[in-house]
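The values are calculated or read from the model by the stated rules, or taken from the named source; none is laboratory data. This is a predicted model, so every value here is computed, not measured. Virtual Cβ from ideal backbone geometry, glycine too; neighbours counted across all protein chains shown.
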Amino acid sequence: MAAVSRMAAAGEPRGPRPAARIVLVTLGGVRRQETFSAEGVANIPHLAGDLLPQSLFYSQTWNEGVTSHFNTISSILTGVWQHVDDWGRQPPAHPTLFQYVQEQLGASPAETWVVTSNKALTANIGPGANVILSKQLLVEAVERIIKGYSKRQRLDRDMLLEELTTVMQDDYERIGWNVAAPSAILNPETKQAFLTALGNFIHGPEGPTSGDELTCFVAQEVLRRVSPSLLVVNFSDMEVAHSGVYSLHLAGIRKADRLVHRLWQFLQTLPEYKDRTTMVIMSEFGRDPDGSSTNGFFNHRGNTEATRCTWMMVLGQAVRQPAVIERPVRQVDVAPTLGALLGVKCHESQGGHLSEIAV
Ligand SMILES: [Zn+2]
């Protein structure tokens, strides 16, 4: 079964695989007050109840860079505060963890994947890596299905388009809409397999109910079919905050809480990942404080603690001893720490190694 489901192309050059597997989940902007705080904990029952007791939890994780989505994720992945285009039109100015893995381990691009809900996270993030903007993949899947529907009832088509419209409407970073961000799946056979799986998902009882549900589904498909050493997943339904509806922002946080737990449980069912995977869950930044001139939770532009100080949870293999670490750490510490787990040195990184994380 493993041989059948494994989609890395035969004959593709492939260096020795690291023993460790890394799944890095970035969430859009969530403040500590809506999550790990006395009043916020009700929004994150899985993170706080199921996962926190088995984790290394860094309660003060600082973003000292540009608090835009692309710059932040680039900073996390390079270990250097990035000041490139906010909308992903330029690649990071330093090597990413993807590049270190490919260059130092001679790994194939099949080892490094990104699945994202946010189209600001373009293929520029990972030169040589596979990047799936899940909504774009959905569009392609739907186009393919619609072609196949031509002789069937019109009603089916309308329902499908309605579902698609719902998913596509949760586009919260309105500026930057015209950034070209096609999915960059390097192996065409792999791409076909995902399109087929998505077609089945669209027809299934659950249906794509949100961008992050879809992203979670695609991430699970990547894990099951490709088994990369390094997978980055980005959830961003909470970014509905930009539209100013607080209840929807909270719903996005609750959804992320469910999905990270689902992803963690899914990893435990995969022999390729169980007992050798370290999963990191972190938000990109907080959001602006209530009463601020930038409309509080709407945005993430302020130079304030609410915007810059967030949290990070580490689960799995690299956790020696569950603990809450209150020492301030920086997001640029993540790349060199995860690099060490994979056996690569992020030599251009500004960050340090988080000493609690076992190598
Ligand atoms: Zn945003």
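Annotations for the structure displayed:
- Which numbered condition L248 fails, given (1) assigned to a helix (DSSP H, G or I); (2) aliphatic (A, V, I, L, M); (3) at pLDDT 95 or above: (3)
- Qualifying residue in the stretch 109-123 (condition: surrounded by fewer than 21 Cβ atoms within 10 Å (Cβ to Cβ), in contact with a helix residue (DSSP H, G or I) (Cβ under 9 Å, 6 or more places away or on another chain) and not in a helix (DSSP H, G or I)): no
- Test result for T67, polar (S, T, N, Q), within 16 Å of the ligand (Cβ to nearest atom) and part of a loop (DSSP other than H, G, I, E, B): yes
- Which listed residue is touching a residue at least 24 places away in the same chain (Cβ under 8 Å), more than 16 Å from the ligand (Cβ to nearest atom) and among the small types (G, A, S), from S227, S243: S227
- Within the stretch 293-309, the set of residues being closer than 24 Å to V329 by Cβ and away from the ligand (no atom under 12 Å from the Cβ) comprises G302, N303, T304, E305, A306, R308, C309.
- Scan of the stretch 307-359 for residues that are under 26 Å from G40 (Cβ atoms) and acidic (D, E), ordered by number: E326, D333, E356
- Sole residue being touching a Phe, Trp or Tyr at 6+ places or on another chain (Cβ under 8 Å) and over 19 Å from P45 (Cβ atoms), chosen from T215, T304, T269, T294: T215
- Under the condition of being part of a loop (DSSP other than H, G, I, E, B), touching an Asp or Glu at 6+ places or on another chain (Cβ under 9 Å), in contact (Cβ under 8 Å) with a residue 60 or more places away in the chain and not polar (S, T, N, Q), the residues counted in the stretch 328-359 number 3.
- Evaluation of A107 against (1) within 19 Å of R308 (Cβ to Cβ); (2) more than 16 Å from the ligand (Cβ to nearest atom) (one fails), failing number: (1)
- Number of residues in the stretch 256-302 that are touching a residue at least 24 places away in the same chain (Cβ under 8 Å), farther than 20 Å from F57 by Cα and not in a loop (DSSP other than H, G, I, E, B): the value is 3.
- Filtering F36, F70 for residues that are aromatic (F, W, Y) and more than 19 Å from the chain's Cα centre (by Cα) leaves a single hit, F36.
- Checking the stretch 187-204 against the condition returns no match, with no residue being more than 16 Å from the ligand (Cβ to nearest atom) and modelled with pLDDT of 85 or more.
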